[in-house]
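A quick write-up on the structure given underneath.
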Amino acid sequence: MVAAWGNHRPLRLMFQDEARFGRIADRRYCWCHRPDRPVVSAMVTQEYTYAYGAVSPLDGAFDSLVLPHVNSDCMQIFLHEIANRYPGDNVIMILDGAGWHKSKDFDLPENIRLLFLPPYSPELNPQEHLWDELREKYS
């Protein structure tokens, strides 16, 4: 895989994943006997946004984009962004087997190669742990 690049740029190993974030509930007043006025949680909206992230465990570099969907078009945008952020590196992007990761229509940048994790193995992807940390500390 590395020899296929035919250049002497440094190799960068990155792990990629997506996460869904959104606002699901809000606090509202509800009906009750006077003089009480309790506040309860109520489902107001189900709008989500998606964070695409990639981490390089060897040097700690982390890159992310917030995009409206998880699909091959947004994945293409993310791959091009990573290629632009590391133009002097050959990037091996390790990712899971989601359908939008395997599009036949991808226009892979010349400095990126994709490598897929085995099925049902999220514990092998350090990017998954970053999402857990974000959700635990900042939700």
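The values are calculated or read from the model by the stated rules, or taken from the named source; none is laboratory data. Every value quoted in this text rests on a predicted model; they were computed, and no experiment measured them. Here the Cβ positions follow ideal geometry from the backbone for every residue, glycine too, while neighbour counts run over all protein chains shown.
Of L115, L108, L79, which residue is within 25 Å of N7 (Cα to Cα), in a loop (DSSP other than H, G, I, E, B), at pLDDT 90 or above and aliphatic (A, V, I, L, M)?
Result: L108 is the single residue among L115, L108, L79 that is within 25 Å of N7 (Cα to Cα), in a loop (DSSP other than H, G, I, E, B), at pLDDT 90 or above and aliphatic (A, V, I, L, M).
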Checklist entry - Considering segment 100-115 alone, what residues qualify as being touching a strand residue (DSSP E or B) at 6+ places or on another chain (Cβ under 7 Å) and either among the polar types (S, T, N, Q) or over 22 Å from P87 (Cβ atoms) (or both)? => result H101, N111
Checklist entry - Any residue at all in segment 55-76 that is among the hydroxyl-bearing types (S, T, Y), in a loop (DSSP other than H, G, I, E, B) and modelled with pLDDT of 80 or more? => result no
Next on the checklist: For segment 75-96, give me each residue that is under 12 Å from Q16 (Cβ atoms) and not aliphatic (A, V, I, L, M).
Outcome noted: F78, E81, D96
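Answer with yes or no whether D132 is surrounded by fewer than 14 Cβ atoms within 10 Å (Cβ to Cβ), farther than 21 Å from H69 by Cβ and either touching a residue at least 60 places away in the same chain (Cβ under 8 Å) or among the charged types (D, E, K, R) (or both).
yes
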Checklist entry - Residue check: is F15 surrounded by fewer than 16 Cβ atoms within 10 Å (Cβ to Cβ), part of a strand (DSSP E or B), at pLDDT 80 or above and not hydroxyl-bearing (S, T, Y)? => result no
Checklist entry - If you check R85 against the conditions, is it surrounded by 14 or more Cβ atoms within 10 Å (Cβ to Cβ) and either in contact with a helix residue (DSSP H, G or I) (Cβ under 6 Å, 6 or more places away or on another chain) or at negative phi (or both)? => result no
